[in-house]
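K.L.:
I am attaching a structure below and will ask some questions about it afterwards.
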Amino acid sequence: MKRLIVSWLLTIYTTVFRLMRTVGLLQSVESSALVLPAAAPGNLGDEALVAATVNYLQQKGVNHIGLISYNPDRQWGGLHSVNEVIEMKDYFSYGSWRSWKALFRLVPIIGRYEQFYCLGADMMDGYYYPPATSKMLTIISVAASIGLDTTVIGFSFNEKPTPDSVQSLRKLPSNVKLCARDQISQERLVKHTDRAIELVADVAFLLPPSVESETVSEIWEWIAHQQNNGRIVIGFNPYNQLTEGAGIQTFEQLVRIYVDTLVELYSKNQTISFVLIPHDFRTYKNKFSDLAIIEAIFKALPAEIQFHSRKISATCTAANIKAIVGKLDLVLSGKFHLSIACLGQQTPVGCITYQGKFEGLFKHFELEGMMIEPQQALQSNKLVKFLIPLIENRKYICQQIQAKLPKIQELARANFV
């Protein structure tokens, strides 16, 4: 009952601010946009979405950009031009009155903006954390109800969304633009929500690479030296979630799988060199940060393979990593947005799949055989068998990416049309 009363009061409150905007009692900042990220900083995939969105909005002439923050103690890398950061930790971290109080404080702030963008990513189906999905959808509904041009930027949607997420999506105001970042997600959304769904591509395809980093310069120089000596340089990014179904239950077991994979690949082709790439710096629950896994893998490699390997041990921005992968011959990725960085740089990439996100991504490029399930990937012999054809066919794959990329980038820009 209490929740219904508060929800009813929120509806009245947002209606009041919509009327104030209509009659001119509340003026929005000219050419302004408010952005809700999919998560707090820590994952370069989320950073790529935020940075690409902010950069593109600025290119399109948006002069005032606000960013909703999940945690004021953590900052996004590579962003220097956001005009306002709205701290909403109480809303996302707590329940009951503390959360509602924070939301009511947000309403008049939202009312000062013309446009609202939520970076839907993989959060809209409720898979990871249903309460967070619910709270994001509430803010989306508030923004649309006040009268902002409201968009949920390209997101994926798995085959088993939570009932609450489906219901909340169906209840969103009709003026909310929902953008699916692949055809498979679009079909699932239409089926579950009975709404018009725009087909786009992930906004991270619009992120420009950045070479303004000593790490980038150093890795570029090393890669060039390897390739000039006739070597194939492959990037490795670990899948950092332990999978009990594959019998992997400890950090040491996960590291051993990757070490065995690199050793076996090298034994089959001693012209291969490796770059170990981090893309997620978070450590929680049953996950380890990519940096920790990479450090352990490198340390355990035989000396000969170490000599032909480099690890990225510094904390880079998403744009820095995108610049690095553009020089590689092939990448094995355990992260969705690292895969997008590779494809955006016309670099072939094999992916360890999760959450039903990759099928639609490769459907954009009309590529097959680019994915492997975690249960198979966490067996070194199967991972090697997966990678060998990709290494052999890397030039053809690169040509296919080159042919399709302009259309994909156009679809990414469609998030904002």
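Please treat every number below as a calculation from the coordinates, not as lab data. What you see is a predicted model, and the numbers here were worked out from it, not measured in a lab. When we count neighbours, we look across all protein chains shown, and the Cβ atoms used for this are built from the backbone with ideal geometry, even at glycine.
K.L.:
May I ask you to list the GluC sites (Glu not before Pro) in the stretch 175-241 that are in a DSSP loop and have at most 16 other Cβ atoms within 10 Å of their Cβ?
P.N.:
Glu212
K.L.:
For the stretch 214-405, what is the relative contact order in percent, using Cα pairs closer than 8 Å and at least 6 residues apart in sequence?
P.N.:
24 percent
K.L.:
Contour minus end-to-end for His80 and Tyr129, with contour as 0.36 nm per residue of separation and end-to-end as the Cα-Cα distance?
P.N.:
Separation in residues times 0.36 nm, less the Cα-Cα distance, equals 14.7 nm.
K.L.:
Calculate log10 I(q)/I(0) of the stretch 1-126 for q = 0.09, 0.20 Å⁻¹, where I(q) comes from the Debye formula with a single equal point scatterer on each Cα and nothing for solvent.
P.N.:
Results for the stretch 1-126 at q = 0.09, 0.20 Å⁻¹ read -0.28, -1.25.
K.L.:
Please give the contour-minus-distance gain from Ser313 to Val211: 0.36 nm per residue of separation, less the Cα-Cα distance, rounded to one decimal in nm.
P.N.:
Contour length minus the Cα-Cα distance gives 35.1 nm.
K.L.:
For a Förster distance of 41 Å, can you work out the FRET efficiency between the beta-carbons of Ala403 and Arg195, rounded to the nearest 0.05?
P.N.:
It comes to 0.80.
K.L.:
Which order, highest average first, do 87-94, 388-395, 254-261 follow once you tally other Cβ atoms within 10 Å for each residue and take the mean per peptide?
P.N.:
For the peptides 87-94, 388-395, 254-261, the packing ranking is 254-261, 87-94, 388-395.
K.L.:
When the dipole is taken about the Cα centre of the stretch 118-277, and only Lys, Arg (+1) and Asp, Glu (-1) are charged at their Cβ, what size is it in debye, to the nearest 20?
P.N.:
Dipole size: approximately 540 debye.
K.L.:
If I take R0 = 45 Å and measure r between the Cβ atoms of Glu159 and Tyr94 in this structure, what FRET efficiency does the formula 1/(1 + (r/R0)^6) give, to the nearest 0.05?
P.N.:
So the FRET efficiency works out to roughly 0.90.
K.L.:
Residues with beta-carbon under 15 Å from that of Leu25, excluding Leu25: net charge, scoring Lys, Arg +1 and Asp, Glu -1?
P.N.:
Net charge in that neighbourhood comes out at +3.
K.L.:
Another question, if that's okay. Report the gain in length on full extension from Glu368 to Asp149: 0.36 nm times residue separation, minus Cα-Cα distance, nm rounded to one decimal.
P.N.:
75.1 nm
K.L.:
Write down the Å³ per residue value for the convex hull defined by the alpha carbon atoms of the chain. Don't skip to the end; give the middle numbers.
P.N.:
On the way: hull volume 56.8 nm³, N = 417.
Convex hull of Cα atoms, per residue: 136 Å³.
K.L.:
Under 37 °C and 0.692 mPa s, how fast does the stretch 152-193 diffuse according to Stokes-Einstein, given a Kirkwood radius computed over C-alpha pairs? Answer in µm²/s, whole number.
P.N.:
314 µm²/s
K.L.:
Next up: With +1 on the Cβ of every Lys and Arg and -1 on the Cβ of every Asp and Glu, and nothing else charged, how large is the dipole of the chain about its Cα centre, in debye rounded to the nearest 20?
P.N.:
920 debye
K.L.:
In percent, how large is the relative contact order of the stretch 35-80, given Cα pairs closer than 8 Å and 6 or more residues apart? Intermediate values should be presented prior to the final figure.
P.N.:
Working: 30 pairs, mean separation 25.3, N = 46.
Reported relative contact order: 55 percent.
K.L.:
Relative contact order for the chain: what percent, with Cα pairs under 8 Å and sequence separation of 6 or more?
P.N.:
Relative contact order here is 16 percent.
K.L.:
Another question about this same structure. In the neighborhood of Cys342, defined by Cβ-to-Cβ distances under 13 Å, what is the net charge if each Lys or Arg adds +1 and each Asp or Glu adds -1?
P.N.:
+2
K.L.:
Let me ask something else about it. Label-point separation (nm) for Thr22 and Gln249, each offset 7 Å from Cα along Cα-to-Cβ?
P.N.:
6.2 nm
K.L.:
What helices does the chain hold that run 20 Å or longer along their axis, going by alpha-carbon atoms, with a Kyte-Doolittle average of 1.6 or more, using DSSP H for the helix calls?
P.N.:
Taking the DSSP H segments of the chain (at least 20 Å long, mean hydropathy at least 1.6), we get none.
K.L.:
Would you compute, from DSSP H runs of 4+ residues alone, the mean residue ellipticity of the chain at 222 nm, taking -39500 (n - 2.57) per run and dividing by the full residue count, rounded to the nearest 500?
P.N.:
Rounded to the nearest 500, it is -15500 deg cm²/dmol.
K.L.:
On to the next question. Using a simple charge model, +1 on the beta-carbon of Lys and Arg, -1 on the beta-carbon of Asp and Glu, nothing else, what dipole does the stretch 214-405 show about its Cα centre, in debye to the nearest 20?
P.N.:
It works out to roughly 200 debye.
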